[in-house]
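J.: Starting off with a structure, shown below.
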Amino acid sequence: MHDSLGIPACFSSSEKQINEPAATITRAGQSISMSVYRTKLAGHCRLITITWCKNLLLHGLSLSVQSTNGNDEDYYKCKIELKPWYFWRKQGSKQFVVDGKTTADVVWDLKAAKFNGETEPQSNYYIAIVSEGEVVLLVGDLKKDAYRKTRCRPALIEPMLVSRKEHVFGKKKVKTRIKFHEKEIKFHEISIESNNNSSSNDSNICGFDPELEINVDGELAIQVKHLQWKFRGNESIQVSKSRVLEIYWDVHDWLFGSGPRHGLFIFKPVSSSSSCSSSSSTASSTSMSLLTTQEVPCAPLEDDNADGSSSFCLFLHTWKAE
């Protein structure tokens, strides 16, 4: 029997929150990616979460819209399962009502989507949320097709990607891609590799001296030796003249956990000026808050990028595959 572990699931029969561990995955592996956007819908700033799931049995996406009742519960959920059958329509729409009075439509076209082995499509697709004559959220590269299909104008307030959460499996190495800023064209490649080196030093655990390497765009950014003593930490690296990438890690379960084990990595891009003005105590408190934060709070849209920085965070959960 497989060991199960509770993580966010997008195809649960329960109508509870999408972030609750209502469903489980097994050691066979289920890749999950969750993108949280902040936008204006029905007169209120809301968080909209798009979750892609893929395992041996299913592949699909779930979309949820935050309510405004103060309970942090999803107001609406839409589930789309990708069928392997030739006659399945890979485009369509669903309608829902927000706050009991405002209608909104989810419109998608996945008929030519290219996944390239990934959990979510990499090109040739779109997913749009339309309300009151505006496209309030649009993801995918077929933007012209989406506007033509919906016959709606772009929203006056541009949506903002505030966080991304991924669950990935790997034996020693995992990879992902992110943009350090929402308006960047280039994706940055991030890889994380762990090694259990043999050691004759009595101070090392069971004769092993684990190491951790984090690479950004093919270059070594962080190397952590003696990981058994440094399983939690944070460092900042310069990725451009104006941008710094803050990296946090917690791999305690990798080393000391039993059963399925996972580590948490957080990547937070900030402006160089913001990084220089931060004290070490601030960095420490930020590290602790990020390692316990589940979602990014919904702040006013105009507060973003006032100093060239971004509110975006990547939460990368890396699961050790046996």
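J.: Residue separation times 0.36 nm, minus the C-alpha to C-alpha distance between Arg177 and Lys230: what's the value? Write down the numbers at each step before the final one.
T.: Numbers: separation 53, 0.36 × 53 = 19.08 nm, distance 2.54 nm.
Taking 0.36 nm per residue and subtracting the Cα distance, the gain is 16.5 nm.
J.: Once the Cβ-Cβ distance between Lys111 and Glu213 is put in as r, and R0 is 45 Å, what FRET efficiency do you end up with, to the nearest 0.05?
T.: Numbers: r = 40 Å, r/R0 = 0.89.
After rounding, the FRET efficiency stands at 0.65.
Throughout, read-outs are computed from the coordinates displayed, never taken from laboratory work. Predicted, not measured: the structure shown is a model, and the values here were computed from it. Cβ coordinates were reconstructed from backbone atoms using ideal geometry, including for glycine residues, and neighbour counts include every protein chain displayed.
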